[in-house]
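Beneath this line is the structure, given in structure tokens, with notes to follow.
The values are calculated or read from the model by the stated rules, or taken from the named source; none is laboratory data. Because the structure is predicted, anything quoted here is derived from the model rather than measured. Here the Cβ positions follow ideal geometry from the backbone for every residue, glycine too, while neighbour counts run over all protein chains shown. The accessibility values were calculated without ligands, DNA or RNA, using every heavy atom of the protein model including side chains. Shrake-Rupley method; radii C 1.70, N 1.55, O 1.52, S 1.80 Å.
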Amino acid sequence: MAIQLFDSLTREIRVLQPSHPDGVYRFYNCGPTVYAPAHIGNFRTFVVNDVIRRLLELRFGAAKVRHVRNLTDVDDKTIKRAREENRALAEVARQWTAKFHADCSALNCLAPHVEPAATGHIREQVDMIDVLMKKGNAYRAADGSVYFKVSSFSRYGALSRVKERELQPGGAPKDHAADADEKEDVSDFALWKAHKAEDGANRWDSPWGEGRPGWHIECSAMIKKHLGETIDLHTGGVDLLFPHHENEIAQSECCNGTTFVRHWYHSEHLLVDGRKMSKSLGNLYTLDELTAKGFSPMAVRYALLMGHPRKQLNFTLESLHAAESALANLRAYRGSLPPTGVVHDAFGPVFTALEDDLNTPAAFGALFTIVNRRAGEADAESFDRALFALGIDLHKAAAPKAEAPPAIAGLAAKRWAAKQSKDFAAADALRKEIAAAGWSMLDRKDGYSLEPARK
Ligand code: AMP
Ligand code: ZN
């Protein structure tokens, strides 16, 4: 079997293959902006990419996969945060990079082979902008900033089809129109931002004066340095497709004069109550908030993979309960298996589902079909291989459940009894009393559970 994945550029499902003669598969995944804890929406993207990484390793061999994921440690958000906290930018980035790594490891994500940071690659970014200037793809505006001239690249918009959609007169994308002041055209974007007072000490030298790189150029420059001019796979959340990835293509292809990326993959968003989980909407959950409620990081990973990665997934605490009990079933099953010796690999259908455009819900379905069949068909070795592909580690302990104090447990028992005897007024009053004490009751048909209420 070959791995097949949807390609956002050609809009078809295509087979993944290394293109370089050395057989090394080159994979780049846009990483986090390090100024706050990543939320589990971000982690949906990183966990999905971790499954891709694992499939690539299983398919091409671990030594034949090179995975790079960057750290965005200088942009408007990181600078603003450092200023608000009166701290050095590097210190803020260090704090949140460490937190990101801790969360990634709790979620059992394999570390990328290289994790370059934007501030560590200023020279590479300046060099690239310099080439774009010399080739006539960029210009320096009156404010000292350097912009990419979108009209100089005829294929601009191929990925997002933005030309048909938004580059019509009066139809410019909003985030571009907002800072159109010094640009020749609203769709042009910044490669180098001239220093402004609010950037403080965060300034670097360049042939165009002091300033800092624009956001998009960091990925183009770091990809070139760590993976080369043409890479096999580039991924990120769907919000990065435009303008970020469109701009990366323009920068890299104009600079290098060759195909930048052979396969684009974008995973869909995690939603809360039908809206994208995001820092700006304030509707987010961090991993810490969920573990404080008694859920294990492994259940979070499981729940994030329960939806098809190319479909939006609505996050609920219920899905974490379901994930915990699925994990408990898998642990019990693992204990019942002989170590090796079953010739036929019963878990083939799990790989078939994953290699078919990363169909993670189908992979879990296939896994449980086998788990629920009679014993004797599978061994631990093949089961572990299937779990490796999904990144499910049963040895990572289930988090201890947050235990409700006896007084709350007593109220809950009373409320359940009231509800059973259809005394809904009393049940409702007790529910309020429990909520006021910071707990919530999750009712099921046959019982209930107590958990700390969401703030
Ligand atoms: P950021 O730290 O904002 O640069 O985002 C890191 C990654 O998370 C990017 O690939 C985003 O596309 C992705 N992302 C942001 N919000 C969500 C969400 N609600 N669901 C899934 N992925 C997201
Ligand atoms: Zn990027």
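Look at the range 349-367 and say how many of its residues are loosely packed, with under 15 Cβ neighbours inside 10 Å and within 19 Å of Arg301 (Cα to Cα).
Count: 1.
Looking at the range 24-41, which of its residues are hydrophobic (A, V, I, L, M, F, W, C) and either out of contact with any strand residue (DSSP E or B) (no Cβ under 7 Å at 6 or more places or on another chain) or more than 11 Å from ligand 2 (Cβ to nearest atom) (or both)?
Val24, Phe27, Val34, Ala36, Ala38, Ile40
Which numbered condition in (1) hydrophobic (A, V, I, L, M, F, W, C); (2) within 8 Å of ligand 1 (Cβ to nearest atom); (3) touching a Cys at 6+ places or on another chain (Cβ under 8 Å) is the only one that Ala38 fails?
Here Ala38 clears every test but (3).
Could you tell me whether Ala180 is more than 17 Å from Thr119 (Cα to Cα) and at pLDDT below 95?
It is true that Ala180 is more than 17 Å from Thr119 (Cα to Cα) and at pLDDT below 95.
Check Ser280 against each of (1) part of a helix (DSSP H, G or I); (2) within 16 Å of ligand 1 (Cβ to nearest atom) and name the one condition it does not meet.
Every listed condition holds for Ser280 apart from (1).
Return the residues of the range 184-229 that are more than 28 Å from the chain's Cα centre (by Cα), of a type in the set (Gly, Ala, Ser) and either open to solvent by 70 Å² or more (accessible area, probe 1.4 Å) or within 22 Å of Tyr139 (Cβ to Cβ) (or both); say none if nothing qualifies.
Result: Ala194, Ala197, Ala201, Ser206, Gly209, Gly211.
At pLDDT 90 or above and among the acidic types (Asp, Glu): which single residue out of Asp446, Asp423 fits that description?
Asp423
Of the residues that make up the range 285-297, is at least one on the phi > 0 side of the Ramachandran plot, open to solvent by less than 10 Å² (accessible area, probe 1.4 Å) and of a type in the set (Gly, Ala, Ser)?
The answer is yes; a qualifying residue exists.
Tally the residues that are more than 11 Å from ligand 2 (Cβ to nearest atom) and in contact with an Asp or Glu (Cβ under 8 Å, 6 or more places away or on another chain), restricting the search to the range 212-242.
Total satisfying the criteria: 4.
Going by what's in this entry, would Glu355 be described as under 21 Å from Ala389 (Cα atoms), modelled with pLDDT of 95 or more and touching a strand residue (DSSP E or B) at 6+ places or on another chain (Cβ under 7 Å)?
yes
What tally of residues in the range 1-55 results from selecting those that are without any contact (Cβ under 8 Å) to a residue 60 or more places away in the chain and either of a type in the set (D, E, K, R) or open to solvent by less than 10 Å² (accessible area, probe 1.4 Å) (or both)?
So the count comes out to 4.
Of all residues being under 30 Å from Ala389 (Cβ atoms) and out of contact with any helix residue (DSSP H, G or I) (no Cβ under 8 Å at 6 or more places or on another chain) in the range 113-139, which is least open to solvent (accessible area, probe 1.4 Å)? Just the residue, please.
Here the residue is Glu115.
Is one or more of the residues making up the range 320-330 under 25 Å from His266 (Cα atoms) and in contact with a Lys or Arg (Cβ under 7 Å, 6 or more places away or on another chain)?
So far as the range 320-330 goes, no, none of its residues is under 25 Å from His266 (Cα atoms) and in contact with a Lys or Arg (Cβ under 7 Å, 6 or more places away or on another chain).
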